[in-house]
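Structure, as structure tokens:
The values are calculated or read from the model by the stated rules, or taken from the named source; none is laboratory data. Given the structure is predicted, the values throughout are model-derived calculations rather than measurements. Glycine gets a Cβ as well: all are built from the backbone with ideal geometry, and neighbour counts include every protein chain shown. The accessibility values were calculated without ligands, DNA or RNA, using every heavy atom of the protein model including side chains. Shrake-Rupley method; radii C 1.70, N 1.55, O 1.52, S 1.80 Å.
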Amino acid sequence: MKPTIRDVAKMAEVSISTVSRVMNAPESVIESKRVRVLEAVEKLQYQPNSFARGLIYKKSFTLGLLIPDIENFYYTGIIRGMQDACIKLGYSLMICNTDRDKNRLLSYIDAFHEKQVDGIVFASDVMFPEYYEKLVRCRIPFVLLSTHSDEYDVPSVEIDDEAAAYDAVKFLIDLGHEDIGMIGFNHENSISGPPRYQGFIRALNEAGLEHNGNKVKNATHRFEHAYHAAHELFTEHPELTAVFCVADEFAMGVISYLKDRNVLVPGQVSVVGFDNLRIANMFIPKLTTIAQPMYDMGYRAAEKLHEWMTTGSVEVLRERMEHKLIVRESSRQR
């Protein structure tokens, strides 16, 4: 039979509560008893029952993560960072892929509530009122990741999207490019689309360059959408010498489109992406891009959620992490 906490207590000649304290707060137990308990745990190969532990502490020691697209490479770094933080903090991690479907997302919140997760990280989507209201009704602490809310005071972790886009476009301008296009996100259901567009416009305005709305084409979320957007962009504006893309996957779609039409990158057109996915350094040509610290953002979101759950507040409500321009082969002097 599987050893129980009673077996450990009997072998160590201590109470069950002492064994529990050694498992969860060892510094609160005197060394002689702590050593006996740990020796008993090792001899019996005892493993605490997480369900029973949850009943005692009224916690599941589980965090939930809501992401919109598990196939998007961006979220691999986020998940890895959050997973490592969870291991350090003593949580398990449950991941749900919403596919940007409102009904599915709401059903996942219900599922998290039923499984009594201790907190939720809500990644990348717009915090619509129905999401916020359901989370509040369920009384589940939550933190926003790669998104924010101007309407609600919710803890968040992200980068400064406007400043990052500005840096990318200013880099192209400093290389001598004046005819610059953009592949952006549809603004209706995007939290990062509008500020990245604003950063694009600010860089052009400061340089005294014309910004024509027709030089901006939006894609949904995938490589193939960006490929078709690039077709529209270069059909209307074949004079473009550079393109800023709001995602690395978009940049790869643009480069593939240009390659299929024998347009050289960066020989004839420079392309800058956004995110710095692992594949950005494997793609040909290697992508110049804005690096987001995806791993650190995931790690920090878990830490922030833990802080919120254990203290009822956070030191910094809306936290912004540093971005960085990574110069590689897809851009060059005009």
Exercise for the section: Can you confirm whether region 235-252 contains a residue that is within 22 Å of I201 (Cβ to Cβ), in contact (Cβ under 8 Å) with a residue 24 or more places away in the chain and open to solvent by 30 Å² or more (accessible area, probe 1.4 Å)? Expected result: yes
Fill in the blank from the handout: Here the residues within region 171-209 that are open to solvent by less than 30 Å² (accessible area, probe 1.4 Å), in a helix (DSSP H, G or I), touching a residue at least 40 places away in the same chain (Cβ under 8 Å) and over 30 Å from P129 (Cα atoms) are L172
Practice task
Enumerate the pairs (first residue in region 134-153 and at positive phi and of a type in the set (G, A, S); second residue anywhere and assigned to a loop (DSSP other than H, G, I, E, B) and buried (at least 18 other Cβ atoms within 10 Å of the Cβ)) with beta-carbon separation below 7 Å, excluding pairs fewer than 6 apart on the same chain, so at least 6 apart or on different chains.
Solution key: S146/S124
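Among the listed residues S330, S313, S270, S256, which satisfies the condition of being modelled with pLDDT under 95 and of a type in the set (G, A, S)?
Testing whether each residue is modelled with pLDDT under 95 and of a type in the set (G, A, S) leaves just S313.
Condition check ((1) out of contact with any Gly (no Cβ under 9 Å at 6 or more places or on another chain); (2) under 24 Å from D110 (Cβ atoms); (3) part of a loop (DSSP other than H, G, I, E, B); (4) open to solvent by 10 Å² or more (accessible area, probe 1.4 Å)) across all residues:
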{"position": "D125", "(1), (2), (3), (4)": "yes, yes, yes, yes"}
{"position": "E130", "(1), (2), (3), (4)": "yes, yes, no, yes"}
{"position": "E133", "(1), (2), (3), (4)": "yes, yes, no, yes"}
{"position": "V136", "(1), (2), (3), (4)": "yes, yes, no, yes"}
{"position": "V143", "(1), (2), (3), (4)": "no, yes, no, no"}
{"position": "T147", "(1), (2), (3), (4)": "yes, yes, yes, no"}
{"position": "V154", "(1), (2), (3), (4)": "yes, yes, yes, no"}
{"position": "V157", "(1), (2), (3), (4)": "no, no, no, no"}
{"position": "A168", "(1), (2), (3), (4)": "no, no, no, no"}
Problem - region 34-66 - residue that is over 30 Å from V143 (Cα atoms) and open to solvent by less than 80 Å² (accessible area, probe 1.4 Å) and, of those, modelled with the lowest pLDDT - result: Y46
Completion exercise
Over region 6-28, the set of residues within 39 Å of the chain's Cα centre (by Cα) and surrounded by 12 or more Cβ atoms within 10 Å (Cβ to Cβ) is V19, S20, R21, V22, M23, N24, P26
